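Laboratory data are not the source of any read-out in this text; all were calculated from the coordinates shown. Keep in mind it's a predicted model, so treat the numbers as computed, not measured. Backbone-built Cβ (ideal geometry, glycine too); neighbour counts: all protein chains shown.
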């Protein structure tokens, strides 16, 4: 079963409850086992219109699903939490990005792996390192090494964990 890295973000509504609910929905999905959930970080928005800060986390899963099926599950969960796609990089109730799946490198336009900007985004790398100190962005470098070159000034630790949702490291 391949391991996958998912990045969660929210900046509309009750973001903590939304992130917890998303993790719970992942846990309840047949074919997905949540292995670890990072601590939540607060981040300044990157790109897009002016908007409020985000809460972000990374979830590691073990899954029997094909990559396209995992993406469909993530999009269904986003929809269940009233995700609306009107403005690119705009505010959202929930965003679930498939960051990496078992080291696969693919330029499929529907699901590019690894996520094409994951290696540049502190709001992905900081929580990913939290749950996997040996993580590597496929086709790039170790997450720890990438963090030495990425601007993380807009990423702030919080004391929020998602333990009410299940497995947390």
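For the reader, a short list of remarks on this structure follows.
- Contact order, relative form, for segment 35-165: 31 percent (alpha carbon pairs under 8 Å, 6 or more residues apart, mean separation divided by residue count).
- Counting beta carbons within 10 Å around each of 10, 153 and listing the fewest first gives the order 153, 10.
- Extension gain from residue 51 to residue 24, taking 0.36 nm per residue of separation minus the Cα-Cα distance: 7.1 nm
- At R0 = 22 Å, FRET efficiency that the Cβ-Cβ distance of residue 3 and residue 120 yields, to 0.05: 0.50
- Gain on full stretching of the segment that runs from residue 136 to residue 160 - 0.36 nm per residue minus C-alpha separation: 6.1 nm
- Note on the chain: GNM, Cα springs under 10 Å; of 132, 97, 80, the largest mean-square fluctuation is that of 80.
- Length-normalised contact order of segment 110-164 in % [C-alpha pairs under 8 Å, at least 6 apart]: 33 percent
- Computed over segment 38-82: relative contact order in percent, which uses C-alpha pairs under 8 Å that are six or more apart: 29 percent
- Residues 159, 145 arranged by fewest to most Cβ contacts within 10 Å: 159, 145
- Considering only 41, 110, 152, the Gaussian network model of the chain with Cα springs below 10 Å gives its largest mean-square fluctuation to 110.
- Note on the chain: helix-only mean residue ellipticity at 222 nm, from DSSP H runs of 4+ residues weighted -39500 (n - 2.57) and normalised by residue number, equals -7000 deg cm²/dmol.
- Nearest-0.05 FRET efficiency for residue 112 and residue 152, computed from C-beta distance (R0 30 Å): 0.80
- Among 137, 23, 104: highest mean-square fluctuation, GNM of the chain, C-alpha pairs under 10 Å: 104
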